[in-house]
Structures are given as structure tokens and as C-alpha cells.
1. Take segment 177-189 and flag every residue that is more than 19 Å from Arg137 (Cα to Cα) and in contact with a Leu (Cβ under 9 Å, 6 or more places away or on another chain).
2. Could you pull out the residue among Val147, Val98 that is under 21 Å from the mean Cα position of the chain (by Cα), farther than 22 Å from Leu213 by Cα and assigned to a helix (DSSP H, G or I)?
3. Tell me, yes or no, whether segment 74-90 has at least one residue that is modelled with pLDDT under 95, of a type in the set (Asp, Glu) and closer than 23 Å to Ala335 by Cα.
4. Is it the case that segment 62-72 has a residue that's surrounded by fewer than 16 Cβ atoms within 10 Å (Cβ to Cβ), part of a helix (DSSP H, G or I), modelled with pLDDT under 90 and not basic (Lys, Arg)?
5. I need a count of the residues in segment 295-343 that are closer than 18 Å to Gly275 by Cα, part of a loop (DSSP other than H, G, I, E, B) and of a type outside the set (A, V, I, L, M, F, W, C).
6. Of the conditions (1) touching a strand residue (DSSP E or B) at 6+ places or on another chain (Cβ under 6 Å); (2) hydrophobic (A, V, I, L, M, F, W, C); (3) part of a loop (DSSP other than H, G, I, E, B), Val175 fails just one. Which one is it?
7. Do the conditions hold for Gln272, that is, is it polar (S, T, N, Q), outside any strand (DSSP E or B) and touching a residue at least 24 places away in the same chain (Cβ under 8 Å)?
8. Suppose we keep only residues that are surrounded by fewer than 16 Cβ atoms within 10 Å (Cβ to Cβ) and of a type in the set (Ser, Thr, Tyr) within segment 14-32. Which one would you say is modelled with the highest pLDDT?
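The values are calculated or read from the model by the stated rules, or taken from the named source; none is laboratory data. The model shown is predicted, which means the values in this text are computed figures rather than measured ones. Backbone-built Cβ (ideal geometry, glycine too); neighbour counts: all protein chains shown.
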Amino acid sequence: MASALERLAYHATQRLRVSWYSGQKWLSARLTEGVAASPDLKRRMPDRAHVLADLRALLEQDWRNIAEGRYRLPEDVVIRPLAALRKAGRYFADLRQVDERRRAAANDEVFRAVGDGDYPRYFLQNFHYQTDGYLSRRSAELYDHQVEVLFGGGAEAMRRQALVPLQRVLAERGVRRARLIDLACGTGRFLREVKSNYPRLAVTALDLSPFYLDAARRALRPWPCTEFIAAPAERVPREDAGFDVVTSIFLFHELPARERRDVAREMARLLQPGGAAILVDSIQLGDVPDYDALVEFFPLAFHEPYYAQYAREDLAALFRAAGLTLEESRIAYFAKVMTFRKPH
């Protein structure tokens, strides 16, 4: 169980974290032109106090999970000032280019630079108008900071909510015998939390970007029992029923409808009977009615070409068609955490 000192440290550092990233979000909005919301969207937008209250609720849930022993206090809960300043400097140095692409609606630089070849077409674009899309070391170095600014310091806590259903599944199947694969692992931030809590768990990190996969290798270097695969999530080069857990963190909203179905089927194929697929992704329309205007505005303000369709997708039906049954669905700030099971 967590101590009073750990509680004090957690809440103090999280307040600092929220102030740090929310301040950068505020400054970013003033340094860039952005995209104007329609009068109807503006009228329906939640106010800042509402959003901050929901962020505080997420962090309180995060702390309760730690206090109840569902997962450990994160190792990097304290921000390192010099490293944080360097990342912020790189973020703001890149911000003008991002804003120029947004104003010009320029989202195909990656495709023009790479062309057809080793990557599916849907992947070859500047998601979020970010420099190099997902295909450079610079992008991999900037990405996590960009996401934390977007969510005002809540991104890590949202990802950690997937550790709650993971704990239940591993209690059933045994950590030493279980195998987990994370589809579209990115820079390995979620898997680092997994390995911090379950160092002996065998994990496989899969991503389509070699640069992000390299970042994941660096993040997971302290732990054994790790494997890395460069491949698309819709075509995983591994055997049927080879994993007890398949995770996917903020992938589905960046997939076209057909690939979304393909990945759901692939998750079902990879799972052993009784295994679990754990999905963390954006909330959808109707999940939090007060946030519907933000969900509608997001693909307009950021280049997210498949998000509007994702926001209306019936994910329970999508996974049911793939052979998986919805076990649980919970809201965590701007994220939804869903657990699906493969029948025995």
C-alpha cells in the first residue's frame, strides 16, 4: 500500500506536471494561428474549469489505483528540469512549422518524400501536421511531449488506466507464463509502465515506424524478455493464439475503417482462448456529451483524416464481428479503456 509521503509526492508532482504542460498549451495557442471553430462548436465547447476538473478526477483515479496496489508509483513522476526544458525548446522550435502546415492544409509531405513502397498509404501523411509524420528520429523525440501538451499533462495517466484490466488478466494467467504484444507501441511509453510493474512478463513491441521502434528499444533497455517487430498492426508476422494479452494504445482513431476491422481481426487471431484485448483510445461521440464539440473539432484542428468516422464507430460491434466480446468499458478523461475477451 502507498504511504502518506508517496501520496503527497504524487499530488505535488502532478500539479506541477499539469501546470507545466497546460502552460505550454496556453502559450502554443497564442503563438499559432490555429483553426477557428464554428459558432455552433464554440457555443457547445466545455469551459476550461470543466476540463481541469475532469483532469483532476483522472489523476485522483490514478492515485487510487496506485494506493490500492493496482500498479506502482511511476518512476518518472518527478519532472527533471533540464530534460524538460530541452524537450520544451525542441517543441516550440518545431511549432511554427506545424502551424504553417495547418494553415496551408499541407498533410502529404511524408508521402511526397517517401512515395509508395514499404508503408501503407494511410500511414504516409503528417498526422497532427507534425514534422516528418512518424518517419524520423526527430518526430519520435518530439511526439510524447506533443501529446502531453495536447492533454495538459494527462496523457501518461490515461495510458496507465490500461494497467488495471491488465492486472486482472495476468492474475488469471500468471505473469511468468503470459505473453503480451503491444500493437503500434510508438516510443514504448506504455510498455515501459508494463515492464516496470511486471519485469518478467514477456512483451513484444510492434510498430510500423523504425524510428519509433528504436525509441521503444531504448525505453525498454533496462528489462529482459522484450522483442521488437517492425510491421503494420493489420499484418502481424506471428502465429495464431500466441499471446495472452494484446494491447493497442491510441491506434484505432488513426486507422481507416477497413484497416480498423483488419486490426480487430488480427487481435482476435493473436489471442489465446480466454485472452484479452485491451484498447485505449479517444472518447467517441456520446461517451461524454459535454465533450462532443471537442470530438467534432479535433479532426479540423489537427490532421486526423480517419477520426470523424472513428468517432461514430461502434467498437463493440466491430470487435464482436472479429470474435471478441466486450467485457468492460470505462472513461478516463479524454480516453476510453475497453477490454475484450476471446471465448474459451
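1. Selection gives Ala178, Arg179, Leu180, Ile181, Asp182, Leu183.
2. Values: Val147 fails: farther than 22 Å from Leu213 by Cα.
Val98 is the lone residue from the list that is under 21 Å from the mean Cα position of the chain (by Cα), farther than 22 Å from Leu213 by Cα and assigned to a helix (DSSP H, G or I).
3. Within segment 74-90, one or more residues are modelled with pLDDT under 95, of a type in the set (Asp, Glu) and closer than 23 Å to Ala335 by Cα.
4. Scanning segment 62-72 turns up no residue that is surrounded by fewer than 16 Cβ atoms within 10 Å (Cβ to Cβ), part of a helix (DSSP H, G or I), modelled with pLDDT under 90 and not basic (Lys, Arg).
5. The number of residues fulfilling the criteria is 3.
6. (1)
7. Numbers: polar (S, T, N, Q): yes; outside any strand (DSSP E or B): no; touching a residue at least 24 places away in the same chain (Cβ under 8 Å): yes.
So Gln272 does not fit the description; no.
8. So the residue we want is Ser19.
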